[in-house]
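The values are calculated or read from the model by the stated rules, or taken from the named source; none is laboratory data. Nothing here was measured: the structure is a model prediction, and the numbers come from that model. Reconstructed Cβ throughout: ideal geometry from the backbone, glycine too, with neighbour counts over all protein chains shown.
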Amino acid sequence: MLELTQTTEGHIFLTLVIGMCVFHTGNGIRLMIAQSGFGFGKPRRPDYPYTPSSLNMKNKLCIYVSIGLAALAMMYGLGVMYDV
């Protein structure tokens, strides 16, 4: 079963798994911090057009950082798997 990961398709699959795990971890940390009360805006009346205060610039930045960390981890994983 382990020999399936030693092919090119296996390396691509493992790289995607690495990226998903790192992004999921970073996003989970962001959500735990947000549920603790940090990063949310002050509650206000939801007038039209409604813009959620939970998706402010700090939270969007954390999402982008998680994506960047996942991309870096994927590149590192590819480098390790292909001995670059």
task: Kindly list, by first and then second residue, each pair from a residue in segment 52-68 that is of a type outside the set (Asp, Glu) to a residue that is at pLDDT 90 or above and assigned to a loop (DSSP other than H, G, I, E, B), limited to pairs with Cβ atoms under 7 Å and residues at least 6 apart or on different chains.
output: none
query: Any residue at all in segment 36-54 that is outside any loop (DSSP other than H, G, I, E, B) and farther than 30 Å from residue 81 by Cα?
result: yes
query: So, of the residues in segment 1-43 that are surrounded by 14 or more Cβ atoms within 10 Å (Cβ to Cβ) and aromatic (Phe, Trp, Tyr), which turns out to be nearest to residue 74 (Cα to Cα)?
result: 23
- prompt: Does at least one position in segment 2-17 carry a residue that is part of a loop (DSSP other than H, G, I, E, B) and either of a type outside the set (Val, Ile, Thr) or at pLDDT 95 or above (or both)?
  reply: no
field: Inter-residue pairs, beta-carbon under 8 Å, first under 13 Å from residue 5 (Cα atoms) and in segment 70-82, second hydrophobic (A, V, I, L, M, F, W, C) and outside any helix (DSSP H, G or I), 6+ apart
entry: 78/84
